[in-house]
Amino acid sequence: MEEKIFFSAGNVSVSNSRFIVNGQTYAMNGVTSVKTGRKNPSRMGPILLGIIAAFLLLSGSVGRFIFGALLSTLAVFVWRNQKPELTVVLNSSSGEAKALTSSDAGFINGVIAALNNSIVHRG
């Protein structure tokens, strides 16, 4: 049977027989299912910046108020730019394997769709 490529981008390739990522090859005949894992970023840094900024904003000093405003802006910027870490999780008879991690949801969804197509194609 000829190898059919379902996805290829950078160092990631999905075919009907193999899933290659970062030099690691997974045989598709051993993969029973795939899913997306999600790890949300820690929000502790922006929260601490926001608390410090609030104290500075309420201190009464003009210099501290300006610094507090800058810190609160930084806290909001950091919070908004933190992205969850998404993982491609392969299930097989030997357990789960986290094969690929990225914060790009479109990329991870494309890999998951290609892996599902490969499993379906395999029959």
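Of the residues in the stretch 97-116, none is in contact (Cβ under 8 Å) with a residue 24 or more places away in the chain, over 18 Å from ILE20 (Cα atoms) and open to solvent by less than 50 Å² (accessible area, probe 1.4 Å). One residue alone among SER72, SER8, SER59 is over 16 Å from the mean Cα position of the chain (by Cα) and part of a loop (DSSP other than H, G, I, E, B), and that residue is SER59. Selection of first residues in the stretch 24-52 that are touching a residue at least 60 places away in the same chain (Cβ under 8 Å) and of a type in the set (Ser, Thr, Tyr) and of second residues that are outside any strand (DSSP E or B) and open to solvent by 80 Å² or more (accessible area, probe 1.4 Å), restricted to Cβ pairs under 9 Å at least 6 apart or on distinct chains, gives the following pairs, ordered by first then second residue: THR32/SER93; THR36/ASN109. Of the residues that make up the stretch 77-86, is at least one aliphatic (A, V, I, L, M) and free of Cβ contacts under 8 Å to residues at least 12 places away in the same chain? No; the residues of the stretch 77-86 include none that is aliphatic (A, V, I, L, M) and free of Cβ contacts under 8 Å to residues at least 12 places away in the same chain.
Look at SER59 and say whether it is among the polar types (S, T, N, Q) and either open to solvent by less than 30 Å² (accessible area, probe 1.4 Å) or in contact with a Phe, Trp or Tyr (Cβ under 9 Å, 6 or more places away or on another chain) (or both). Yes, satisfied.
Considered as a group, the residues in the stretch 29-44 that are outside any strand (DSSP E or B) and not aliphatic (A, V, I, L, M) include one that is farthest from GLU96 (Cα to Cα), and that residue is ARG43. Only one of the listed residues (GLY10, GLY68, GLY45) is loosely packed, with under 12 Cβ neighbours inside 10 Å and not polar (S, T, N, Q). That residue is GLY10.
Just one of (1) over 29 Å from ASN22 (Cβ atoms); (2) in contact (Cβ under 8 Å) with a residue 40 or more places away in the chain; (3) polar (S, T, N, Q) fails for SER61. It is (2).
The values are calculated or read from the model by the stated rules, or taken from the named source; none is laboratory data. Computed from a predicted model, the values in this text were never measured in an experiment. Ideal geometry is used to build each Cβ from the backbone, glycine not excepted, and the neighbour counts take in all protein chains shown. The protein model used for the area step is the full one, side chains on, heavy atoms only, and it has no ligands, DNA or RNA in it. Shrake-Rupley method; radii C 1.70, N 1.55, O 1.52, S 1.80 Å.
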